[in-house]
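**Q** Sharing a structure here in C-alpha cells format.
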Amino acid sequence: MNVQTTNAFKQRAQTALEFSGRQLRHLITQHPGYFPLYTVKGKWKHDSEAWTNWCEGFLGGMLWILYRHSDDAWWQERAEHYSRLIEHRKTDRNVHDLGFLFLPTWKAWYDLTGDSAKNQVVIDAGNT
C-alpha cells in the first residue's frame, strides 16, 4: 500500500468514525439506557426479550472505540455507564455468548485502564 492509499484510507476511516459518533450520540441522548436490537420501519424495537440478549455489549463497545479514538471524556463516561448496565450479566447462564457482552465493554475498559477490578468482571463472566 502506498502513502496516498494509506492517507485515503485513514481519511475514510475518520469520516466513518465521525458519522458513527453522530449516530451514537443521537441514539443515547434520545434513548438513554436503551440497548438497540433491531428496527421496524426505521424505529428501534424491543417488543419482547431476545432469546438470549447477547448483543448488549456492542453499544458499549462502540462507545469505547469512540473514546479511544477521540480521548473525549464524554464518550468515556457513556462507555463506562453502558458497561456498568450489563455487569450483572457476568453470571448469566442463559446467554450463549458472554464474550459478546464483556469483551467489547469490560475487557476494553480494562485494556485502557489496567484496573484489575475491571479484569475480574471479565474473568467472572468467563468462568460462568
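**Q** Excluding Ser20 itself, calculate the net charge of residues whose Cβ lies under 14 Å from the Cβ of Ser20, where each Lys or Arg counts +1 and each Asp or Glu counts -1.
**A** Once all neighbours under 14 Å are counted, the net charge is +3.
**Q** With a 10 Å radius around each residue's Cβ, average the other Cβ atoms per peptide and rank 94-105, 70-81, 32-43, highest first.
**A** Highest mean packing first, the order is 94-105, 70-81, 32-43.
**Q** Given R₀ = 25 Å, FRET efficiency for Gln30-Thr91 by Cβ-Cβ distance, to 0.05?
**A** 0.20
**Q** Kirkwood Rh and Cα-based Rg: tell me the resulting Rg over Rh for the chain, rounded to two decimals.
**A** Across the chain, the Cα-based Rg/Rh ratio is 1.02.
**Q** Nearest 20 debye, what's the magnitude of the dipole of the chain about its Cα centre given +1 on Lys and Arg Cβ and -1 on Asp and Glu Cβ?
**A** Roughly 420 debye for the chain.
**Q** Which lysines have a Cα lying under 22 Å from the Cα of Lys118, excluding residues fewer than 8 positions away in the same chain?
**A** Once the sequence-local lysines are set aside, what remains near Lys118 is Lys90, Lys107.
The numbers here are math on the coordinates, done by the rules we state, and not lab data. Computed from a predicted model, the values in this text were never measured in an experiment. Note: ideal-geometry Cβ built from the backbone for every residue, glycine included; neighbour counts use all protein chains shown.
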